[in-house]
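Derivation of every value follows stated rules applied to the coordinates shown; laboratory data play no part. Computed from a predicted model, the values in this text were never measured in an experiment. Neighbour counts run over all protein chains shown; Cβ positions are idealised from the backbone, glycine included.
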Amino acid sequence: MPNFPAVDPIPLPAPVWLMKLLHILTLALHFVAVEMLLGGLLLAILFSLFRSSPSARVAARAIAKRLTVVMTLVINLGVPPLLFAQVLYGRALYTSSVLIGVYWIAIILILMLAYRYLYSFSARLEAGRVAWPVGLIAWLLIGSIAKILSTNMTLMLRPEAWTKLYAASAAGRFLPTGDPTTTPRWLLMMTGGFAISGLWLLYLAARSTFTAQEKTFLAGVGGKVAALAGIVYLAVGFWAYSVQPDFVKAGLVNNSLYHYFGWAGYLWIASVVLLILLGAVAGFSRRSGALFSWLAMLIAFLVEASLTIFRDAVRDLTLLGKGYDVWDRVVVTNWSVVGLFLALFVASLGVVAWLLTVVARASKTMEGAA
Ligand code: HEM
């Protein structure tokens, strides 16, 4: 049985179930933002190529401008799950992060570069200049961050690969090879980007900032993209599941706790089917409106939340099979600190929601003045 580093002697200050709940909630929100960024950017790049279509030009500009805000959400919504993951899985996650240290640290640099190119993409579109090359650079950089994260989140589950990787470079210069789960998992996030961004366009199609013609364009293209990408997303989801080890698949059915989490897999399939149906109805009828907009938001959250729960079960069962039980921790709950944390957490979500409405109102005013 492979060895994990010794557990931290300091007890957990809150129950494992609470840490997991907050971890899953914040990670699901991170994933919604990540998918909007990955898919939305590529769609904006494609729209920017259709320079003769006024609606495509407006859509490219509108998405690009919003993506700079979405990037902020990606980063800020990535911090809480990182903290919870370190508390719950630190012995595995710290080890894998150190083993690919050069790439792990490089994320910060790549992120700053991607941000810079994202702003440049938006500015060029606003100025009516050719923008796709800088947009593509930003997308490649962002996709490579996703690849490093998928690599780390799968390497943390393979203690049997750690010694060899450390022997190859103690400085963390190499990425691991030979894990059949890494690529499908990364591609699942990449294809999910199109599906969720299709829903995002449906949401945008109901905004009053757009003309009737632009709304029809956004609903038509967004719906069709969601429907088509949803089918590919389902296929990649089945692939990512099929490459999991047999003991993990068995645990998702038989384990007394994790078979409940296994149901999240069915919820994910049902949500993606809903996504495809909504996309097809909106895409082919080219209709938009408040109902489509709300349904799009709800389905986007359901898809990512169910995926996050299922993914969590896959991780716990994989680690359990290798001797790491995430529930086996000494917990000494400090309820006053937990209470304060929860109050601040809810307040900060409220502040983020308020900030988003301020940004939306400000851009509406600026668009009206332009
Ligand atoms: C452009 C920037 C980013 C992209 C494209 C991105 C993308 C992703 C992807 C694709 C995954 C899933 C990996 C997998 O399991 O296969 C992931 C997980 C994660 N990301 Fe991000 N991410 C970005 C930025 C960040 C930042 C800045 C943070 C933290 C400050 C962060 C924190 C996390 C954490 C903690 C997880 C996994 C948590 C877990 O498994 O428990 N991400 N991200």
Fill in: Among (1) in contact (Cβ under 8 Å) with a residue 24 or more places away in the chain; (2) on the phi > 0 side of the Ramachandran plot - the single one GLY178 does not satisfy
(1)
Worksheet entry | Failed item in (1) within 14 Å of the ligand (Cβ to nearest atom); (2) closer than 17 Å to ALA106 by Cβ; (3) assigned to a loop (DSSP other than H, G, I, E, B), with ASP179 passing the rest | (2)
Discussion item. Which condition from (1) in contact (Cβ under 8 Å) with a residue 60 or more places away in the chain; (2) outside any helix (DSSP H, G or I); (3) within 13 Å of the ligand (Cβ to nearest atom) is the one that ARG173 breaks?
Written reply: (3)
Worksheet item: Is at least one residue of the range 14-31 more than 16 Å from the ligand (Cβ to nearest atom), of a type outside the set (Lys, Arg), outside any helix (DSSP H, G or I) and touching a strand residue (DSSP E or B) at 6+ places or on another chain (Cβ under 9 Å)?
Response: yes
Worksheet item: In the range 286-328, how many residues are charged (D, E, K, R) and part of a helix (DSSP H, G or I)?
Response: 5
Practice prompt. Kindly provide the set of residues from the range 277-303 that are surrounded by fewer than 23 Cβ atoms within 10 Å (Cβ to Cβ) and under 19 Å from MET189 (Cα atoms), ordered by number.
Written response: MET297, LEU298, PHE301, LEU302
Item to complete: Identify, from the list ARG361, ARG311, the residue that is basic (Lys, Arg) and surrounded by fewer than 18 Cβ atoms within 10 Å (Cβ to Cβ).
Response: ARG361
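Yes or no, residue by residue, for (1) in contact with a Ser or Thr (Cβ under 9 Å, 6 or more places away or on another chain); (2) surrounded by fewer than 18 Cβ atoms within 10 Å (Cβ to Cβ):
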residue	(1), (2)
PRO81	yes, no
LEU88	no, no
ALA92	no, no
ILE100	yes, no
ILE108	no, yes
ALA123	no, yes
ARG129	no, yes
Fill in: Every residue from the range 110-136 that is free of Cβ contacts under 8 Å to residues at least 24 places away in the same chain, part of a helix (DSSP H, G or I) and away from the ligand (no atom under 12 Å from the Cβ)
ARG116, SER120, ALA123, ARG124, PRO133, VAL134
Discussion item. Any residue that is crowded, with 20+ Cβ neighbours inside 10 Å and assigned to a loop (DSSP other than H, G, I, E, B) - is there at least one of those in the range 226-236?
Written reply: no
Fill in: First in the range 261-278 and within 23 Å of LYS20 (Cα to Cα), second anywhere and of a type in the set (Gly, Ala, Ser) and assigned to a helix (DSSP H, G or I), Cβ under 6 Å, 6 or more apart
PHE261/ALA313; ALA264/SER306; LEU267/SER306; TRP268/SER306; SER271/SER306
Worksheet, complete the sentence: Taking the range 141-170 and keeping only residues that are within 16 Å of the ligand (Cβ to nearest atom) and of a type in the set (S, T, N, Q), one is left with SER144, SER150, THR151, ASN152, THR154
